[in-house]
1. Going by the structure shown, is G157 crowded, with 20+ Cβ neighbours inside 10 Å and small (G, A, S)?
2. Determine, yes or no, whether F77 is in contact (Cβ under 8 Å) with a residue 40 or more places away in the chain and either surrounded by fewer than 16 Cβ atoms within 10 Å (Cβ to Cβ) or not hydrophobic (A, V, I, L, M, F, W, C) (or both).
3. Please identify the pairs in which a residue from segment 27-43 that is under 19 Å from G139 (Cα atoms) has its Cβ atom under 6 Å from the Cβ atom of a residue that is aromatic (F, W, Y) and assigned to a helix (DSSP H, G or I), counting only partners at least 6 apart or on another chain.
4. In contact with a Pro (Cβ under 8 Å, 6 or more places away or on another chain) and buried (at least 17 other Cβ atoms within 10 Å of the Cβ), is that true of L136?
5. List every residue pair whose Cβ atoms sit under 8 Å apart, with the two residues 6 or more apart in sequence or on different chains, where the first one lies in segment 128-150 and is of a type in the set (V, I, T) and the second, anywhere, is modelled with pLDDT under 95 and in a loop (DSSP other than H, G, I, E, B).
6. If I filter segment 109-127 for residues that are among the small types (G, A, S), in contact with a Gly (Cβ under 8 Å, 6 or more places away or on another chain), modelled with pLDDT of 95 or more and closer than 30 Å to S9 by Cβ, do I get at least one hit?
7. Determine if segment 220-242 includes at least one residue that is buried (at least 19 other Cβ atoms within 10 Å of the Cβ), among the β-branched types (V, I, T) and in contact with a Phe, Trp or Tyr (Cβ under 8 Å, 6 or more places away or on another chain).
8. Could you check V33 against (1) at pLDDT below 95; (2) farther than 23 Å from A214 by Cβ; (3) under 24 Å from the mean Cα position of the chain (by Cα) and say which number it fails?
Amino acid sequence: MAIVINPISPVAFSVLGLPVRWYALAYIAAFVVGYFMLKSFLKRDDELKLNKKDLDDLFTAIILGVILGGRLGYVLFYNPAFFIARPWEIVMLWHGGMSFHGGLLGVIIATFCFAKQWIRGLRILDMLAVIAPIGLFFGRVANFINMELMGRPSDSGLAVFFRGVSDVPRHASPIYEGLTEGVLLFLIMFYLYRKTNLRARPGALAGIMAMGYAVFRIFCEGFRTPDAQIGFLTTWGLTMGQLLSGALFIIGASLFSYAMSKHHRG
C-alpha cells in the first residue's frame, strides 16, 4: 500500500506578490547553515587564518561556484541540445535544472581561486566536505516537495503516490538521497572531522566525502527514474548520475591516497 500525499505547492509563500519557492528556501537555508558552520570550524583551525572579510569573500566565491557550476553542469551534462537551441534558458534558474557534480566542480575552482595555494585550498575543501551534505539534504527535500526526480514505479509500502499528479506509486528517491547523501554522509563526515586526525592530512576528508557521495548516489540512482531527455546510457541501465559519480569516486580515491601518502605534508 503506497503512501498517498496531497501535492505541495512549489511556492512556499509570496512577498509583495513575488513567489518564494521552496527550492530557493532550500538554497538559502543551506548557505546560512553552511556559513555559520564554516565560521565555527575556522575558529578551531590553527592553520587557516581568515578574518571576517576573508570569510565573507570565501563564502561569496563558494555561492557563485555552486550556482554557476551547478547550472553549467546541468547544461553540459544533462541537456546540451536543449540549451544550444535555447541559450537564453541558461540563465532561467527558476525553471529548474542544477547538477551536483557541476556545483562541486564550481566550488573547487572557487576555493582554489580564493586560497591561491594548494594545501590551503585542500584545508578549506576538507571543511566544506563536512558541510556540503547539509545542503544536499535541503536540496533533496525541495526536490520531493516539487515532485521532481521521483523514483521508478514500485509496489513497496514506502512508495509514494501524489494524489491527482502521480500515474503510479513511485519510490521517494529524493528522500532516499536526502537521508543517505545528506544525513548519513554528514554524520560520517562530522565524526571523522571531530574524532580523528584526518584534518592533519589536507585533502583526506574531501576525498572521503567524494567517495561517500559517489557510493550513495550510485545506489540511490537504482531507485530513481533516469532523466527523460537522456534515459539509460547502456542496455544494462547505467545513468548519467552513476557515470559522473563513478568518475567522482575515482577522483576522491586518488585525492585520499595522495593525502595519506607519506610524501604528503600538510
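The values are calculated or read from the model by the stated rules, or taken from the named source; none is laboratory data. Only a predicted model underlies this, so the values are computations on that prediction, with no experimental measurement involved. For neighbour counting, all protein chains shown are included, and Cβ atoms are generated from backbone atoms with ideal geometry for every residue, glycine included.
1. no
2. On the way: in contact (Cβ under 8 Å) with a residue 40 or more places away in the chain: yes; either surrounded by fewer than 16 Cβ atoms within 10 Å (Cβ to Cβ) or not hydrophobic (A, V, I, L, M, F, W, C) (or both): no.
The answer is no for F77.
3. A29/F138; A30/F138; Y35/F59
4. no
5. Listed by first residue and then by second, the contacts come to I145/I8; I145/P10.
6. No, segment 109-127 has no match at all.
7. Yes.
8. (1)
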